[in-house]
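In what follows, a structure is listed as structure tokens, so that the remarks can point back to it.
The values are calculated or read from the model by the stated rules, or taken from the named source; none is laboratory data. Please read all numbers here as calculations on a predicted model, not as lab measurements. Glycine gets a Cβ as well: all are built from the backbone with ideal geometry, and neighbour counts include every protein chain shown.
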4 protein chains.
Amino acid sequence: MKNLKLASGEKGDRTIVKVSNAEIGRGFVVIAGPCSVENERQVLETAHAVKDAGADMLRGGAFKPRTSPYAFQGLGLRGLKILEKARQETGLPIVSEVVDPRDVSWVAEFADVLQIGARNMQNFSLLKEVGRAGRPVLLKRGMHSTLEEWLNCAEYVLSEGNPDVILCERGIRTFEKYTRNTLDLSAVPAIKELTHLPIIIDPTHSTGRISLIGPMSLAAVAAGSDGLIIEVHHKPEEALCDAEQALTPDMFIDIMGRLKALKSFLDNQAS
Amino acid sequence: MKNLKLASGEKGDRTIVKVSNAEIGRGFVVIAGPCSVENERQVLETAHAVKDAGADMLRGGAFKPRTSPYAFQGLGLRGLKILEKARQETGLPIVSEVVDPRDVSWVAEFADVLQIGARNMQNFSLLKEVGRAGRPVLLKRGMHSTLEEWLNCAEYVLSEGNPDVILCERGIRTFEKYTRNTLDLSAVPAIKELTHLPIIIDPTHSTGRISLIGPMSLAAVAAGSDGLIIEVHHKPEEALCDAEQALTPDMFIDIMGRLKALKSFLDNQAS
Amino acid sequence: MKNLKLASGEKGDRTIVKVSNAEIGRGFVVIAGPCSVENERQVLETAHAVKDAGADMLRGGAFKPRTSPYAFQGLGLRGLKILEKARQETGLPIVSEVVDPRDVSWVAEFADVLQIGARNMQNFSLLKEVGRAGRPVLLKRGMHSTLEEWLNCAEYVLSEGNPDVILCERGIRTFEKYTRNTLDLSAVPAIKELTHLPIIIDPTHSTGRISLIGPMSLAAVAAGSDGLIIEVHHKPEEALCDAEQALTPDMFIDIMGRLKALKSFLDNQAS
Amino acid sequence: MKNLKLASGEKGDRTIVKVSNAEIGRGFVVIAGPCSVENERQVLETAHAVKDAGADMLRGGAFKPRTSPYAFQGLGLRGLKILEKARQETGLPIVSEVVDPRDVSWVAEFADVLQIGARNMQNFSLLKEVGRAGRPVLLKRGMHSTLEEWLNCAEYVLSEGNPDVILCERGIRTFEKYTRNTLDLSAVPAIKELTHLPIIIDPTHSTGRISLIGPMSLAAVAAGSDGLIIEVHHKPEEALCDAEQALTPDMFIDIMGRLKALKSFLDNQAS
């Protein structure tokens, strides 16, 4: 890949992004939580549930980029304060999206990891800003983005001095309509040979179907993914967005059990 | 299309966006100029050339969103001042891209039309900001965007109180590699039935081939487009970006002659 | 383009395919008629209507490749005999699809032009067979096909000794769902620089919307297409397939008037 | 999914396709061998190698649908006789492609499973013919095909009375160019909920990169695939086609070891 100086895979050691106790790029990290922060009870109940099931971090959106200006846009600062409370109660680090370069500095005071959503992958002003924020960045792949373009976006963050970029494959847009997007799982081994940065999989937004999340999560482990980011909601039927694709805590517990067993089997094989 | 209140086509009268003497949505408007502002001589020579050939507005990028952080990123304020000088000399209104919400207010003092590029189509913070800028907005279609998503982005601008949105089809990403993107010219009549907003075509970035710009420009006129935005460079072989797809002034003069003849034939037919 | 010996554009003279009085590649040829042959009355009424409106050839499918095995598959030989009668009454040459290599020789006794549908573009056994059939071949582009692959399929026909291949762009499959497929009109000038073979446009299957057929037909003329193939049905509301996209004879008359005026304007310009 | 009577998933018991000792749909079946049959030594050496490594069936193309008419098209009958000899020596059942409806009956005397390639997925004449051939059919997904269209093609085979269809996902065409195609692994659990037919994965043609075949094979097992079809060549550097993506016997042995271990771990988990 041309144009890559810092993300290029020819560097030897792989990047390990440390977030509290989690090490993305070394173990297998699961980030779970609701699509958007709706209220305190929703976040706290979900946070405790995913913590108990073994999740490593809590996700939750305070700013939601929505197709329509008339759809729920997130709680903003109020949402971040709710996430902060969840971290205090559970100890889980927080992953939350930032959508505006003007918000980066103060959102970084609440979030342990700054997420850049698929629609903003090539928002270069935002990328440069999170490159200076002193927080790890979770960079989702744009739905129309080649691996090369994606890595060049990571390069925007790295070249500002921030070495902690976690790549996240969340499905690309194709003609297939049974799934919400098409999960390009082969991006996992491909990215491993192109860069030293860790990569995780989002089985929720890629498939958009609860029934496919379990199988594709296991497949992600087997393909060598460094982790997963999964939507879990304490009561999906009441969710303000993505109600049809959030796991219940019980479903999540079941998947976590299978993931951990598989991961420890594969680790034993390798050693 | 769901979610559209203001862009919806059911409103009766079509929007006419007035920019100096040009009326986008009524006549046929041609915007021409270099991809990026490189230096004063380049801009002034090109501006006079496109003015003489009959162009209605001058395009030129002072901020260039580039795939790689190491590629030329534009001259910024210095570039805008060069464009201002070109407007003073030629009288042509200026179309220039803005990529950061923090820049909107001051870029709006130089540019007559604020361009939102394809990569920023769903940069909602930026859309809201240009919705409050008091300047017409040229909204390019994302390379992965459906018509519905595109119109919802226009809705973000309109819902902030700015009625002057010009849509610009610039090619979508497909598997075909002979052309840089695939020009979806059927978007012209489709958009006409979905919204009252005007739509123009970018034959340069969609095809990426000089030899296709003439035929597709004529096709755009015949399909009912409200105008074109075309890259012209006084010396394409010296261009810092897109050298392979910019027209020379002579090529542009030739195409303009054919466009005007076709447009006036079609107008006579219709009347 | 690699692999092309016979279709390559470097040969000088352009191919003119003669079918009765029509010359595809010289004038502008319009092929019109129903999607499928349903009964004698439907075909004869439609044939007379399109003849009166100025069409050059009659299209009609006796074999219909359908997504489901339970959908109407066409009348076969009975359909071809109906088409033969329509030719006798109107003098219009017949364009009809063949889907099985075993049928080529006898279908060629009824059809003046053998159509290869998009789904069969890479059915190489069928291509070789029509390459030996002594009839011009209308080769539709596969919905997933690059220009290079398409021309290689033409090469399969040419290399069997049949020089009379007419290419037909009928839309490619993309993520956009407002139109049935995405008409890649830039294929017209692209094909003109890659090969000496003529190319026509199918505005019906590409857009799948009656309201877009007129504008895209005019655009095809302006882009330099050698012709059009359009679905017309004497009573679209009774059609067994594609009812929602067939023009009525009145709509077709209107479009033909505008097409002819535009074509003759452009011819005058060029001379 | 509309139009499906026989492939529909609502039938209760899953289909098990028996081929000699292999049961596709019950265990995990690996089909391996060269892209095309080139000569006896190549096939026999490769056949013994994959047999020793634990493969269940031998693949090898006697008819190769190639983009260009001037590329190697396969050995035809001579190739099938070589495959027959390999079966006699190794006991491995043969999977071989058929491309022409006229060849089905005699190819079926050599091949234990008739393969329909991606380009012929919607060659309905061919599908009907293999539906009457009394041999299991391996139906590859077209590179542009939705799950619904693919299952409708299976329906063409089933509706002729042949219940033994094995679906094979081999990658879809997208804009991504790092991989040859994009492997849609989520098709495995999706197909499992839409139909009772078994599904296998082709990691070779989907990724087109040797380095990705191992990880995606393991991922296929974890996602619930019923098997794999993999290209192995005794000397890939001498292969007449796909030289860059065929595994050596040593690579194949390594992958088989990991696949079997993973499969038996997952089976133990489930029981």
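Only one of the numbered conditions (1) crowded, with 22+ Cβ neighbours inside 10 Å; (2) more than 12 Å from chain B (Cβ to nearest Cβ); (3) in contact with a Lys or Arg (Cβ under 7 Å, 6 or more places away or on another chain) is violated by A:THR179, and that is (1). Filtered by the rule that a residue be of a type outside the set (A, V, I, L, M) and under 22 Å from D:SER125 (Cα atoms), region C:124-135 gives C:PHE124, C:SER125, C:LYS128, C:GLU129, C:GLY131, C:ARG132, C:ARG135. Report whether or not A:ARG102 is closer than 14 Å to A:ALA133 by Cβ, touching a Pro at 6+ places or on another chain (Cβ under 9 Å) and surrounded by fewer than 23 Cβ atoms within 10 Å (Cβ to Cβ). Answer is yes for this residue. Taking the criterion of being part of a helix (DSSP H, G or I), among the charged types (D, E, K, R) and modelled with pLDDT under 95, would at least one residue in region A:40-48 satisfy it? No: region A:40-48 contains no residue that is part of a helix (DSSP H, G or I), among the charged types (D, E, K, R) and modelled with pLDDT under 95.
Among the residues of region A:42-60, count how many are crowded, with 24+ Cβ neighbours inside 10 Å, without any contact (Cβ under 8 Å) to a residue 60 or more places away in the chain and not hydrophobic (A, V, I, L, M, F, W, C). Qualifying residue count, region A:42-60: 1.
Every condition in (1) within 14 Å of chain D (Cβ to nearest Cβ); (2) under 25 Å from D:ILE201 (Cα atoms); (3) in contact with a strand residue (DSSP E or B) (Cβ under 8 Å, 6 or more places away or on another chain); (4) surrounded by 24 or more Cβ atoms within 10 Å (Cβ to Cβ) is met by A:ARG173 except one, and the failing one is (4). The single condition among (1) under 20 Å from the mean Cα position of the chain (by Cα); (2) within 14 Å of another protein chain (Cβ to nearest Cβ) that A:ALA49 does not meet is (2).
A:GLY91 meets the conditions (1) over 21 Å from B:VAL104 (Cβ atoms); (2) in contact with a Ser or Thr (Cβ under 8 Å, 6 or more places away or on another chain); (3) facing chain B (nearest Cβ under 8 Å); (4) not charged (D, E, K, R) in every case but one. The failed one is (3). Would you say A:PRO215 is touching a Gly at 6+ places or on another chain (Cβ under 7 Å), without any contact (Cβ under 8 Å) to a residue 60 or more places away in the chain and away from chain B (no Cβ under 14 Å)? Criteria met by A:PRO215.
Summed over region A:224-271, the residues that are over 18 Å from A:THR46 (Cβ atoms) and of a type in the set (Asp, Glu) give a count of 2.
Put simply, of D:LEU75, D:LEU80, D:LEU92 the only residue that is more than 25 Å from C:ILE116 (Cβ to Cβ), part of a loop (DSSP other than H, G, I, E, B) and touching a strand residue (DSSP E or B) at 6+ places or on another chain (Cβ under 7 Å) is D:LEU92.
In the condition set (1) at negative phi; (2) not in a strand (DSSP E or B), C:GLU23 is compliant with all but (2). Among the residues of region C:54-71, are any over 30 Å from C:HIS144 (Cα atoms), part of a loop (DSSP other than H, G, I, E, B), in contact with a helix residue (DSSP H, G or I) (Cβ under 9 Å, 6 or more places away or on another chain) and away from chain D (no Cβ under 14 Å)? Yes - at least one qualifying residue is present in region C:54-71.
Only one of the listed residues (B:LEU240, B:LEU212) is of a type outside the set (Val, Ile, Thr) and under 18 Å from C:ALA223 (Cβ atoms). That residue is B:LEU212. Once region B:222-254 is narrowed to residues that are farther than 28 Å from B:PHE72 by Cβ and within 15 Å of the chain's Cα centre (by Cα), the residue that is farthest from the other protein chains (Cβ to nearest Cβ) is B:ASP226.
Is it fair to say C:VAL95 is within 18 Å of the chain's Cα centre (by Cα) and touching a residue at least 60 places away in the same chain (Cβ under 8 Å)? Answer is yes for this residue. Here region B:108-130 is the region considered, the condition is being crowded, with 22+ Cβ neighbours inside 10 Å and among the small types (Gly, Ala, Ser), and the residue that is farthest from A:CYS153 (Cα to Cα) is B:ALA111. When the strands (runs of 3 or more DSSP E) confined to region C:152-250 are screened for residues that are modelled with pLDDT of 95 or more and either out of contact with any Ser or Thr (no Cβ under 8 Å at 6 or more places or on another chain) or basic (Lys, Arg) (or both), those reaching at least 2 such residues are found at C:165-169.
Please find, within region A:95-132, the residue that is nearest to the other protein chains (Cβ to nearest Cβ) out of those that are farther than 29 Å from B:SER145 by Cα and not in a helix (DSSP H, G or I). Give the derivation first.
As a first pass, look at region A:95-132 and keep what is farther than 29 Å from B:SER145 by Cα: A:105-106, A:108-112, A:132.
Still in the running and not in a helix (DSSP H, G or I): A:108-112, A:132.
Details: A:ALA108: 16, A:GLU109: 19, A:PHE110: 18, A:ALA111: 17, A:ASP112: 22, A:ARG132: 13 Å.
The selected residue is A:ARG132.
Tell me, yes or no, whether region D:133-149 has at least one residue that is under 30 Å from B:ILE172 (Cβ atoms), free of Cβ contacts under 8 Å to residues at least 60 places away in the same chain and in a helix (DSSP H, G or I). So far as region D:133-149 goes, yes, one or more of its residues are under 30 Å from B:ILE172 (Cβ atoms), free of Cβ contacts under 8 Å to residues at least 60 places away in the same chain and in a helix (DSSP H, G or I).
Mind checking which residues of region C:251-265 are within 21 Å of C:GLY224 (Cβ to Cβ) and either at pLDDT below 95 or surrounded by fewer than 20 Cβ atoms within 10 Å (Cβ to Cβ) (or both)?
The initial filter retains those residues of region C:251-265 that are within 21 Å of C:GLY224 (Cβ to Cβ), namely C:255-265.
The answer is C:GLY257, C:ARG258, C:LYS260, C:ALA261, C:LYS263, C:SER264, C:PHE265.
For residues that are touching a residue at least 12 places away in the same chain (Cβ under 8 Å) and of a type outside the set (Val, Ile, Thr), scanning just region B:255-271, find the one that is nearest to B:VAL232 (Cα to Cα). Among them, the one singled out is B:MET256. Scanning region C:230-271 for residues that are touching a His at 6+ places or on another chain (Cβ under 6 Å) and within 15 Å of C:SER211 (Cα to Cα) returns a single hit, C:ALA246. In the condition set (1) in contact (Cβ under 8 Å) with a residue 60 or more places away in the chain; (2) within 19 Å of D:SER145 (Cβ to Cβ); (3) more than 13 Å from chain A (Cβ to nearest Cβ), D:LEU167 is compliant with all but (1). Across region D:143-164, the qualifying residues are those that are in contact with a Gly (Cβ under 6 Å, 6 or more places away or on another chain) and within 12 Å of chain C (Cβ to nearest Cβ), and the one among them that is surrounded by the most Cβ atoms within 10 Å (Cβ to Cβ) is D:VAL157. Here is the figure for region C:234-249: residues that are surrounded by fewer than 19 Cβ atoms within 10 Å (Cβ to Cβ) and more than 18 Å from C:ASP202 (Cα to Cα) total 4.
To keep it simple, each residue is scored yes or no on (1) over 19 Å from A:LEU228 (Cα atoms); (2) modelled with pLDDT of 95 or more; (3) in contact with an Asp or Glu (Cβ under 7 Å, 6 or more places away or on another chain).
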position: A:GLY60; (1), (2), (3): no, yes, no
position: A:PHE63; (1), (2), (3): yes, no, yes
position: A:GLN73; (1), (2), (3): yes, no, no
position: A:LEU80; (1), (2), (3): yes, yes, no
position: A:LEU83; (1), (2), (3): yes, yes, no
position: A:GLU89; (1), (2), (3): yes, yes, no
position: A:ASP112; (1), (2), (3): no, yes, no
position: A:PRO136; (1), (2), (3): no, yes, yes
position: A:MET143; (1), (2), (3): no, yes, no
